[in-house]
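All remarks here apply to the structure that follows.
The values are calculated or read from the model by the stated rules, or taken from the named source; none is laboratory data. The structure presented is a predicted model; accordingly, all values stated were derived computationally and were not measured. Neighbour counts run over all protein chains shown; Cβ positions are idealised from the backbone, glycine included. Only protein heavy atoms, including side chains, enter the accessible area calculation; ligands, DNA and RNA are left aside. Shrake-Rupley method; radii C 1.70, N 1.55, O 1.52, S 1.80 Å.
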Amino acid sequence: MRPTYLEINTTCIRHNLRAIKNSLPNGMTCTAVVKANAYGHGSVIVSQIAIEEGYDALAVAIPEEAIPLRQAGIVAPIYLLGLTRPQSFDLIATTNTIPAVCESTDFEALNACASKHNRVIEVAIAVDTGMHRIGISPTEVLHWIDVIDAYPQLRINGFFSHMANADAADQTHAHEQTQLFNRLVSTVKEARPNKQYRFSLANSAGLLVLTDSLFTDARPGIIQYGIMPSVDVPNTLHLQPALSLHSEVVHVHQAPAGSGIGYGSTYIAPKDMKIATIPIGYADGYPRSLSNKGSVLIKGTYCSIVGRICMDQLMVALPDTLDIHPGEPVILLGSQGNETISVLDIAALADTIPYEIFCGFSERVPRHYL
(Lines give C-alpha, C1' and ligand atoms only; values in the text may rest on other atoms or scores of the structure.)
Protein backbone atom coordinates (compact mmCIF):
# COMPACT_ATOMS: atom_id res chain seq x y z
CA MET A 1 0.00 0.00 0.00
CA ARG A 2 2.99 2.29 0.32
CA PRO A 3 3.17 4.75 -2.59
CA THR A 4 6.96 4.34 -2.74
CA TYR A 5 7.98 1.06 -4.34
CA LEU A 6 10.40 -0.68 -6.69
CA GLU A 7 9.04 -2.18 -9.88
CA ILE A 8 10.97 -5.12 -11.31
CA ASN A 9 10.20 -6.28 -14.82
CA THR A 10 10.72 -10.04 -14.86
CA THR A 11 10.37 -10.11 -18.65
CA CYS A 12 13.51 -7.99 -18.87
CA ILE A 13 15.33 -10.21 -16.40
CA ARG A 14 14.36 -13.31 -18.34
CA HIS A 15 15.47 -11.69 -21.60
CA ASN A 16 18.83 -10.77 -20.06
CA LEU A 17 19.45 -14.18 -18.54
CA ARG A 18 18.59 -15.91 -21.79
CA ALA A 19 20.77 -13.60 -23.90
CA ILE A 20 23.72 -14.07 -21.56
CA LYS A 21 23.48 -17.85 -21.51
CA ASN A 22 23.00 -18.07 -25.26
CA SER A 23 26.17 -16.05 -25.79
CA LEU A 24 28.37 -18.65 -24.10
CA PRO A 25 30.23 -21.43 -25.92
CA ASN A 26 28.46 -24.78 -26.11
CA GLY A 27 29.02 -26.92 -23.05
CA MET A 28 29.93 -24.02 -20.76
CA THR A 29 27.93 -23.74 -17.55
CA CYS A 30 26.58 -20.50 -16.13
CA THR A 31 26.20 -19.46 -12.49
CA ALA A 32 23.75 -16.64 -11.75
CA VAL A 33 25.10 -14.29 -9.10
CA VAL A 34 22.20 -13.41 -6.80
CA LYS A 35 24.01 -12.10 -3.73
CA ALA A 36 22.75 -8.98 -1.95
CA ASN A 37 19.15 -9.97 -2.71
CA ALA A 38 20.04 -10.22 -6.41
CA TYR A 39 21.49 -6.72 -6.36
CA GLY A 40 18.24 -5.48 -4.83
CA HIS A 41 16.03 -7.17 -7.44
CA GLY A 42 14.87 -10.11 -5.28
CA SER A 43 17.02 -13.21 -5.03
CA VAL A 44 14.22 -15.79 -4.97
CA ILE A 45 12.43 -14.45 -8.06
CA VAL A 46 15.64 -13.96 -10.04
CA SER A 47 16.94 -17.40 -9.03
CA GLN A 48 13.73 -19.10 -10.08
CA ILE A 49 13.90 -17.43 -13.50
CA ALA A 50 17.58 -18.33 -13.86
CA ILE A 51 16.90 -22.00 -13.14
CA GLU A 52 14.00 -21.97 -15.62
CA GLU A 53 16.39 -20.50 -18.21
CA GLY A 54 18.83 -23.35 -17.75
CA TYR A 55 21.37 -21.85 -15.38
CA ASP A 56 23.38 -24.53 -13.68
CA ALA A 57 24.02 -22.90 -10.31
CA LEU A 58 23.59 -19.80 -8.18
CA ALA A 59 26.09 -17.74 -6.20
CA VAL A 60 25.66 -15.70 -3.03
CA ALA A 61 28.17 -14.15 -0.64
CA ILE A 62 27.29 -15.74 2.70
CA PRO A 63 25.37 -18.87 3.75
CA GLU A 64 22.56 -16.79 5.27
CA GLU A 65 21.69 -15.62 1.76
CA ALA A 66 21.07 -19.22 0.72
CA ILE A 67 18.34 -19.77 3.32
CA PRO A 68 15.46 -18.05 1.45
CA LEU A 69 16.49 -19.82 -1.76
CA ARG A 70 16.31 -23.24 -0.13
CA GLN A 71 13.06 -22.32 1.63
CA ALA A 72 11.63 -21.47 -1.80
CA GLY A 73 12.37 -25.00 -2.95
CA ILE A 74 15.44 -24.22 -5.07
CA VAL A 75 17.72 -27.26 -5.14
CA ALA A 76 20.40 -26.08 -7.59
CA PRO A 77 24.00 -25.83 -6.39
CA ILE A 78 24.69 -22.59 -4.51
CA TYR A 79 28.24 -21.26 -4.31
CA LEU A 80 29.45 -18.93 -1.55
CA LEU A 81 31.73 -16.25 -2.97
CA GLY A 82 33.06 -15.00 0.37
CA LEU A 83 34.97 -16.87 3.04
CA THR A 84 32.87 -18.42 5.80
CA ARG A 85 34.02 -18.40 9.42
CA PRO A 86 33.69 -21.58 11.54
CA GLN A 87 30.70 -20.28 13.51
CA SER A 88 28.71 -20.47 10.27
CA PHE A 89 29.87 -23.91 9.12
CA ASP A 90 26.64 -25.52 10.33
CA LEU A 91 24.74 -23.25 7.93
CA ILE A 92 26.88 -24.52 5.07
CA ALA A 93 25.82 -28.05 5.93
CA THR A 94 22.14 -27.30 6.46
CA THR A 95 21.80 -25.17 3.32
CA ASN A 96 23.91 -27.58 1.24
CA THR A 97 26.08 -24.78 -0.12
CA ILE A 98 29.54 -24.88 -1.65
CA PRO A 99 31.90 -22.62 0.30
CA ALA A 100 34.88 -20.74 -1.03
CA VAL A 101 38.04 -21.90 0.72
CA CYS A 102 41.69 -20.89 0.84
CA GLU A 103 44.57 -20.97 3.31
CA SER A 104 42.51 -18.92 5.80
CA THR A 105 39.84 -21.65 6.05
CA ASP A 106 39.76 -23.83 9.16
CA PHE A 107 39.65 -27.17 7.32
CA GLU A 108 39.71 -29.21 10.54
CA ALA A 109 36.55 -27.48 11.74
CA LEU A 110 34.87 -27.71 8.34
CA ASN A 111 35.63 -31.43 8.11
CA ALA A 112 34.35 -31.97 11.66
CA CYS A 113 31.15 -30.09 10.79
CA ALA A 114 30.61 -32.26 7.74
CA SER A 115 31.17 -35.38 9.82
CA LYS A 116 28.70 -34.17 12.45
CA HIS A 117 26.07 -33.72 9.76
CA ASN A 118 27.00 -37.05 8.18
CA ARG A 119 27.70 -35.58 4.79
CA VAL A 120 30.46 -34.60 2.40
CA ILE A 121 30.87 -30.86 1.87
CA GLU A 122 32.00 -29.75 -1.57
CA VAL A 123 34.33 -26.75 -1.62
CA ALA A 124 35.48 -24.29 -4.29
CA ILE A 125 39.11 -23.22 -4.00
CA ALA A 126 39.46 -19.44 -4.30
CA VAL A 127 42.54 -18.42 -6.29
CA ASP A 128 44.15 -14.98 -6.11
CA THR A 129 45.14 -14.04 -9.66
CA GLY A 130 45.48 -10.33 -8.94
CA MET A 131 42.43 -9.07 -7.04
CA HIS A 132 44.25 -9.56 -3.72
CA ARG A 133 41.03 -10.08 -1.81
CA ILE A 134 40.87 -13.80 -1.00
CA GLY A 135 42.45 -16.91 -2.43
CA ILE A 136 45.53 -19.11 -2.59
CA SER A 137 48.52 -18.32 -4.76
CA PRO A 138 48.19 -20.03 -8.15
CA THR A 139 51.66 -21.52 -7.63
CA GLU A 140 50.44 -23.41 -4.54
CA VAL A 141 47.40 -25.05 -6.11
CA LEU A 142 48.71 -28.62 -6.04
CA HIS A 143 49.70 -28.28 -2.38
CA TRP A 144 46.20 -27.19 -1.44
CA ILE A 145 44.58 -29.94 -3.49
CA ASP A 146 46.60 -32.43 -1.44
CA VAL A 147 45.66 -30.70 1.82
CA ILE A 148 41.94 -30.75 1.11
CA ASP A 149 41.95 -34.26 -0.36
CA ALA A 150 43.32 -35.50 2.97
CA TYR A 151 40.04 -34.63 4.69
CA PRO A 152 37.55 -37.49 4.18
CA GLN A 153 34.44 -35.31 4.50
CA LEU A 154 35.57 -32.62 2.04
CA ARG A 155 35.57 -32.78 -1.75
CA ILE A 156 36.93 -30.23 -4.21
CA ASN A 157 34.26 -29.00 -6.60
CA GLY A 158 36.53 -26.68 -8.55
CA PHE A 159 38.44 -23.41 -8.65
CA PHE A 160 37.47 -19.80 -9.14
CA SER A 161 39.06 -16.38 -9.22
CA HIS A 162 37.75 -12.85 -9.55
CA MET A 163 38.75 -10.25 -12.12
CA ALA A 164 39.74 -6.84 -10.84
CA ASN A 165 39.89 -4.79 -14.05
CA ALA A 166 37.92 -6.61 -16.70
CA ASP A 167 35.65 -3.57 -17.04
CA ALA A 168 38.52 -1.13 -17.65
CA ALA A 169 39.46 0.39 -20.99
CA ASP A 170 43.01 -0.90 -20.50
CA GLN A 171 42.69 -4.66 -20.20
CA THR A 172 46.37 -5.43 -19.64
CA HIS A 173 45.83 -6.52 -16.06
CA ALA A 174 42.73 -8.51 -16.99
CA HIS A 175 44.70 -10.50 -19.55
CA GLU A 176 47.44 -11.10 -16.97
CA GLN A 177 44.82 -12.58 -14.68
CA THR A 178 43.41 -14.82 -17.39
CA GLN A 179 46.90 -16.06 -18.21
CA LEU A 180 47.60 -16.89 -14.57
CA PHE A 181 44.30 -18.74 -14.29
CA ASN A 182 44.93 -20.56 -17.55
CA ARG A 183 48.28 -21.83 -16.26
CA LEU A 184 46.56 -22.99 -13.09
CA VAL A 185 43.96 -24.87 -15.13
CA SER A 186 46.71 -26.59 -17.12
CA THR A 187 48.59 -27.50 -13.95
CA VAL A 188 45.52 -29.00 -12.31
CA LYS A 189 44.44 -30.94 -15.40
CA GLU A 190 47.91 -32.38 -15.83
CA ALA A 191 48.11 -33.42 -12.16
CA ARG A 192 44.51 -34.66 -11.90
CA PRO A 193 43.54 -35.73 -15.45
CA ASN A 194 40.56 -37.80 -14.32
CA LYS A 195 38.89 -35.03 -12.29
CA GLN A 196 36.04 -32.96 -13.74
CA TYR A 197 36.67 -29.75 -11.84
CA ARG A 198 34.79 -26.50 -12.40
CA PHE A 199 36.99 -23.57 -13.46
CA SER A 200 35.28 -20.18 -13.18
CA LEU A 201 36.83 -16.78 -13.87
CA ALA A 202 34.60 -14.67 -16.15
CA ASN A 203 32.45 -12.08 -14.41
CA SER A 204 30.05 -9.72 -16.20
CA ALA A 205 32.74 -7.76 -18.00
CA GLY A 206 34.86 -10.81 -18.72
CA LEU A 207 31.89 -12.61 -20.22
CA LEU A 208 31.19 -9.71 -22.57
CA VAL A 209 34.64 -8.58 -23.69
CA LEU A 210 37.31 -11.12 -22.68
CA THR A 211 36.93 -14.44 -24.43
CA ASP A 212 40.11 -15.71 -22.77
CA SER A 213 38.35 -15.46 -19.39
CA LEU A 214 35.83 -18.13 -20.42
CA PHE A 215 36.77 -21.49 -18.94
CA THR A 216 34.16 -24.08 -17.87
CA ASP A 217 31.80 -21.71 -16.02
CA ALA A 218 30.83 -18.02 -16.16
CA ARG A 219 29.46 -15.90 -13.32
CA PRO A 220 27.38 -12.98 -14.66
CA GLY A 221 26.37 -10.39 -12.08
CA ILE A 222 25.24 -6.83 -12.80
CA ILE A 223 24.50 -7.52 -16.47
CA GLN A 224 21.71 -9.91 -15.50
CA TYR A 225 19.86 -6.82 -14.36
CA GLY A 226 20.48 -4.91 -17.59
CA ILE A 227 23.30 -2.65 -16.43
CA MET A 228 26.83 -2.62 -17.82
CA PRO A 229 29.68 -2.89 -15.28
CA SER A 230 31.26 0.29 -16.64
CA VAL A 231 31.02 2.73 -19.52
CA ASP A 232 33.93 0.90 -21.16
CA VAL A 233 31.89 -2.29 -21.60
CA PRO A 234 29.48 -2.16 -24.57
CA ASN A 235 25.98 -3.57 -24.31
CA THR A 236 26.50 -6.00 -27.17
CA LEU A 237 23.74 -8.36 -25.96
CA HIS A 238 21.10 -5.59 -25.89
CA LEU A 239 20.38 -6.19 -22.22
CA GLN A 240 17.49 -4.27 -20.65
CA PRO A 241 17.32 -2.51 -17.26
CA ALA A 242 14.72 -4.28 -15.15
CA LEU A 243 14.25 -2.01 -12.13
CA SER A 244 12.48 1.31 -11.68
CA LEU A 245 11.73 3.36 -8.57
CA HIS A 246 8.32 4.93 -8.09
CA SER A 247 6.57 7.19 -5.62
CA GLU A 248 3.93 9.93 -5.64
CA VAL A 249 3.44 13.48 -4.49
CA VAL A 250 1.93 13.70 -1.01
CA HIS A 251 1.99 17.47 -0.47
CA VAL A 252 2.20 20.65 -2.57
CA HIS A 253 2.68 24.11 -1.15
CA GLN A 254 3.93 27.57 -2.05
CA ALA A 255 7.28 28.64 -0.59
CA PRO A 256 7.82 32.40 -0.63
CA ALA A 257 11.00 33.93 -2.00
CA GLY A 258 13.81 33.75 0.56
CA SER A 259 12.45 30.63 2.27
CA GLY A 260 14.93 28.00 3.39
CA ILE A 261 13.96 24.49 2.30
CA GLY A 262 14.64 21.48 4.50
CA TYR A 263 17.21 20.73 7.21
CA GLY A 264 19.89 23.38 7.44
CA SER A 265 18.07 25.56 4.90
CA THR A 266 20.67 24.56 2.32
CA TYR A 267 18.38 25.73 -0.49
CA ILE A 268 16.96 29.25 -0.44
CA ALA A 269 14.02 29.85 -2.75
CA PRO A 270 15.13 32.55 -5.24
CA LYS A 271 11.49 33.43 -5.93
CA ASP A 272 8.00 32.31 -4.95
CA MET A 273 8.06 28.58 -5.74
CA LYS A 274 5.80 25.57 -5.75
CA ILE A 275 7.34 22.76 -3.71
CA ALA A 276 6.22 19.12 -3.76
CA THR A 277 7.01 16.60 -1.05
CA ILE A 278 7.66 12.95 -1.96
CA PRO A 279 7.67 10.16 0.67
CA ILE A 280 11.11 8.65 0.08
CA GLY A 281 14.43 9.32 1.76
CA TYR A 282 17.83 7.94 2.60
CA ALA A 283 16.33 5.28 4.90
CA ASP A 284 14.83 3.81 1.74
CA GLY A 285 18.23 3.82 0.06
CA TYR A 286 17.80 6.97 -1.97
CA PRO A 287 21.20 8.69 -1.61
CA ARG A 288 21.34 11.75 0.62
CA SER A 289 24.22 12.94 -1.55
CA LEU A 290 21.65 13.82 -4.23
CA SER A 291 20.47 16.73 -2.07
CA ASN A 292 20.28 19.86 -4.23
CA LYS A 293 21.70 17.83 -7.16
CA GLY A 294 19.28 15.12 -8.18
CA SER A 295 15.95 15.27 -9.95
CA VAL A 296 12.75 13.27 -10.38
CA LEU A 297 10.23 12.96 -13.17
CA ILE A 298 6.70 14.28 -12.72
CA LYS A 299 4.41 14.37 -15.75
CA GLY A 300 7.47 13.60 -17.87
CA THR A 301 9.25 16.73 -16.63
CA TYR A 302 12.51 16.88 -14.66
CA CYS A 303 11.93 18.44 -11.25
CA SER A 304 15.00 19.33 -9.20
CA ILE A 305 15.48 18.13 -5.63
CA VAL A 306 15.77 21.11 -3.32
CA GLY A 307 17.07 21.05 0.22
CA ARG A 308 18.57 18.11 2.03
CA ILE A 309 17.03 14.72 1.46
CA CYS A 310 15.48 13.59 4.73
CA MET A 311 15.32 10.11 6.21
CA ASP A 312 11.82 9.51 4.85
CA GLN A 313 10.96 12.41 2.57
CA LEU A 314 12.40 14.79 0.01
CA MET A 315 11.26 17.99 -1.64
CA VAL A 316 11.35 19.06 -5.28
CA ALA A 317 10.78 22.33 -7.06
CA LEU A 318 7.83 22.32 -9.45
CA PRO A 319 7.89 24.34 -12.68
CA ASP A 320 5.17 26.95 -12.78
CA THR A 321 3.77 25.26 -15.87
CA LEU A 322 2.98 22.01 -14.04
CA ASP A 323 -0.36 21.64 -12.32
CA ILE A 324 0.46 19.04 -9.65
CA HIS A 325 -1.67 17.69 -6.81
CA PRO A 326 -1.17 15.01 -4.15
CA GLY A 327 -1.33 11.57 -5.73
CA GLU A 328 0.61 12.53 -8.87
CA PRO A 329 2.99 9.68 -9.88
CA VAL A 330 6.72 10.30 -9.52
CA ILE A 331 9.61 8.43 -11.15
CA LEU A 332 12.94 8.54 -9.33
CA LEU A 333 14.58 5.85 -11.46
CA GLY A 334 13.18 4.82 -14.81
CA SER A 335 11.22 6.42 -17.62
CA GLN A 336 8.20 8.69 -17.78
CA GLY A 337 6.98 10.24 -20.98
CA ASN A 338 9.98 10.84 -23.22
CA GLU A 339 12.48 11.24 -20.38
CA THR A 340 14.58 8.76 -18.40
CA ILE A 341 16.58 8.79 -15.19
CA SER A 342 19.01 5.88 -15.30
CA VAL A 343 20.86 4.25 -12.44
CA LEU A 344 24.02 5.48 -14.15
CA ASP A 345 22.72 9.06 -13.85
CA ILE A 346 22.01 8.60 -10.15
CA ALA A 347 25.32 6.88 -9.48
CA ALA A 348 27.28 9.61 -11.24
CA LEU A 349 25.60 12.35 -9.19
CA ALA A 350 26.13 10.36 -5.99
CA ASP A 351 29.79 9.71 -6.89
CA THR A 352 29.35 5.96 -6.69
CA ILE A 353 28.51 2.96 -8.90
CA PRO A 354 25.17 1.42 -9.94
CA TYR A 355 25.91 -1.64 -7.77
CA GLU A 356 25.76 0.48 -4.61
CA ILE A 357 22.55 2.19 -5.67
CA PHE A 358 20.81 -1.14 -6.32
CA CYS A 359 22.10 -2.77 -3.14
CA GLY A 360 21.15 0.25 -1.05
CA PHE A 361 17.38 -0.01 -1.51
CA SER A 362 16.08 -1.05 1.89
CA GLU A 363 13.65 -3.81 2.73
CA ARG A 364 10.97 -1.30 3.67
CA VAL A 365 10.63 -0.44 -0.02
CA PRO A 366 8.15 -2.98 -1.47
CA ARG A 367 9.13 -4.86 -4.62
CA HIS A 368 6.39 -5.13 -7.24
CA TYR A 369 7.00 -7.73 -9.96
CA LEU A 370 5.66 -7.48 -13.49
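Does TYR282 qualify as being among the aromatic types (Phe, Trp, Tyr), under 30 Å from VAL46 (Cα atoms), touching a Leu at 6+ places or on another chain (Cβ under 7 Å) and outside the structural domain of ASN22 (by the TED database)?
Working: among the aromatic types (Phe, Trp, Tyr): yes; under 30 Å from VAL46 (Cα atoms): yes; touching a Leu at 6+ places or on another chain (Cβ under 7 Å): no; outside the structural domain of ASN22 (by the TED database): yes.
When the stated conditions are applied, TYR282 does not pass them.
Determine if the range 90-99 includes at least one residue that is surrounded by fewer than 18 Cβ atoms within 10 Å (Cβ to Cβ), more than 26 Å from THR211 (Cα to Cα), out of contact with any helix residue (DSSP H, G or I) (no Cβ under 7 Å at 6 or more places or on another chain) and among the β-branched types (Val, Ile, Thr).
Yes, some residue in the range 90-99 is surrounded by fewer than 18 Cβ atoms within 10 Å (Cβ to Cβ), more than 26 Å from THR211 (Cα to Cα), out of contact with any helix residue (DSSP H, G or I) (no Cβ under 7 Å at 6 or more places or on another chain) and among the β-branched types (Val, Ile, Thr).
Can you pull out the residues in the range 233-254 that are surrounded by 15 or more Cβ atoms within 10 Å (Cβ to Cβ), at pLDDT below 95 and either not in a loop (DSSP other than H, G, I, E, B) or not β-branched (Val, Ile, Thr) (or both)?
Residue satisfying the conditions is LEU237 alone.
Does ILE357 satisfy the condition of being of a type in the set (Val, Ile, Thr), over 25 Å from the mean Cα position of the chain (by Cα) and either farther than 30 Å from SER43 by Cβ or not in a strand (DSSP E or B) (or both)? I'd like the intermediate steps shown before the answer.
Working: of a type in the set (Val, Ile, Thr): yes; over 25 Å from the mean Cα position of the chain (by Cα): no; either farther than 30 Å from SER43 by Cβ or not in a strand (DSSP E or B) (or both): yes.
Here the answer is no, as ILE357 does not meet what is asked.
Answer yes or no: is there a residue in the range 116-124 that is of a type in the set (Val, Ile, Thr) and crowded, with 22+ Cβ neighbours inside 10 Å. Break it down stepwise before answering.
Going through the range 116-124, the residues of a type in the set (Val, Ile, Thr) turn out to be 120-121, 123.
From what's left, crowded, with 22+ Cβ neighbours inside 10 Å: 121, 123.
Within the range 116-124, one or more residues are of a type in the set (Val, Ile, Thr) and crowded, with 22+ Cβ neighbours inside 10 Å.
Scan (1) open to solvent by less than 70 Å² (accessible area, probe 1.4 Å); (2) within 26 Å of GLN196 (Cβ to Cβ) for the single condition HIS143 breaks and write down its number.
(1)
Looking only at the range 18-28, decide whether some residue is among the charged types (D, E, K, R), surrounded by fewer than 18 Cβ atoms within 10 Å (Cβ to Cβ) and in contact (Cβ under 8 Å) with a residue 60 or more places away in the chain.
In the first step, residues of the range 18-28 are kept if they are among the charged types (D, E, K, R); the result is 18, 21.
With surrounded by fewer than 18 Cβ atoms within 10 Å (Cβ to Cβ) added as a condition, the list becomes 18.
Of the ones still in play, those that are also in contact (Cβ under 8 Å) with a residue 60 or more places away in the chain are none.
No: the range 18-28 contains no residue that is among the charged types (D, E, K, R), surrounded by fewer than 18 Cβ atoms within 10 Å (Cβ to Cβ) and in contact (Cβ under 8 Å) with a residue 60 or more places away in the chain.
How do the pairs read when you match residues in the range 302-321 that are among the acidic types (Asp, Glu) with residues anywhere that are open to solvent by 10 Å² or more (accessible area, probe 1.4 Å), using Cβ under 8 Å and keeping only pairs 6 or more apart or on different chains?
If the second residue must be open to solvent by 10 Å² or more (accessible area, probe 1.4 Å), the pairs left are ASP312/PRO279; ASP312/ALA283; ASP320/LYS274.
Hey, among ARG155, ARG85, which residue is charged (D, E, K, R) and closer than 22 Å to GLU64 by Cβ? Working first, answer last.
Details: ARG155 fails: closer than 22 Å to GLU64 by Cβ.
Selected residue: ARG85, the only one of ARG155, ARG85 that is charged (D, E, K, R) and closer than 22 Å to GLU64 by Cβ.
Considering only the range 140-156, state which residues are in a helix (DSSP H, G or I) and not β-branched (Val, Ile, Thr). Explain how you work it out, then say what you get.
From the range 140-156, those in a helix (DSSP H, G or I) are 140-149; that's our starting set.
Of everything in the range 140-156, those that are in a helix (DSSP H, G or I) and not β-branched (Val, Ile, Thr) turn out to be GLU140, LEU142, HIS143, TRP144, ASP146, ASP149.
Restricted to the range 100-111, and to residues that are within 13 Å of PRO152 (Cα to Cα) and exposed (fewer than 15 other Cβ atoms within 10 Å of the Cβ), which residue is nearest to the chain's Cα centre (by Cα)?
Looking at the filtered set, the residue picked out is ALA109.
Identify the residue in the range 293-337 that is open to solvent by 40 Å² or more (accessible area, probe 1.4 Å) and part of a strand (DSSP E or B) and, among all such residues, is nearest to PRO3 (Cα to Cα).
Only one residue fits best here, namely PRO329.
The rows are residues; the columns are (1) in a loop (DSSP other than H, G, I, E, B); (2) without any contact (Cβ under 8 Å) to a residue 40 or more places away in the chain; (3) within 28 Å of ALA38 (Cα to Cα).
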{"residue": "GLN177", "(1), (2), (3)": "no, no, yes"}
{"residue": "ARG183", "(1), (2), (3)": "no, no, no"}
{"residue": "THR187", "(1), (2), (3)": "no, no, no"}
{"residue": "GLN196", "(1), (2), (3)": "yes, yes, no"}
{"residue": "LEU207", "(1), (2), (3)": "no, no, yes"}
{"residue": "SER230", "(1), (2), (3)": "yes, no, yes"}
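Check the range 119-139 and report whether any residue there is assigned to a helix (DSSP H, G or I), under 20 Å from LYS195 (Cα atoms) and either in contact (Cβ under 8 Å) with a residue 40 or more places away in the chain or in the same structural domain as THR29 (by the TED database) (or both).
First, the residues of the range 119-139 that are assigned to a helix (DSSP H, G or I): 138-139.
Checking the rest, the ones that are also under 20 Å from LYS195 (Cα atoms) come to 138-139.
Now restrict to residues that are either in contact (Cβ under 8 Å) with a residue 40 or more places away in the chain or in the same structural domain as THR29 (by the TED database) (or both): 138-139.
Checking the range 119-139: at least one residue is assigned to a helix (DSSP H, G or I), under 20 Å from LYS195 (Cα atoms) and either in contact (Cβ under 8 Å) with a residue 40 or more places away in the chain or in the same structural domain as THR29 (by the TED database) (or both).
Which one of these does PHE159 not meet: (1) assigned to a strand (DSSP E or B); (2) in contact with a Pro (Cβ under 6 Å, 6 or more places away or on another chain)?
(2)
So which of LYS299, LYS293 is basic (Lys, Arg), outside the structural domain of ALA57 (by the TED database) and in contact with an Asp or Glu (Cβ under 9 Å, 6 or more places away or on another chain)?
On the way: LYS293 fails: in contact with an Asp or Glu (Cβ under 9 Å, 6 or more places away or on another chain).
Answer to the check: LYS299.
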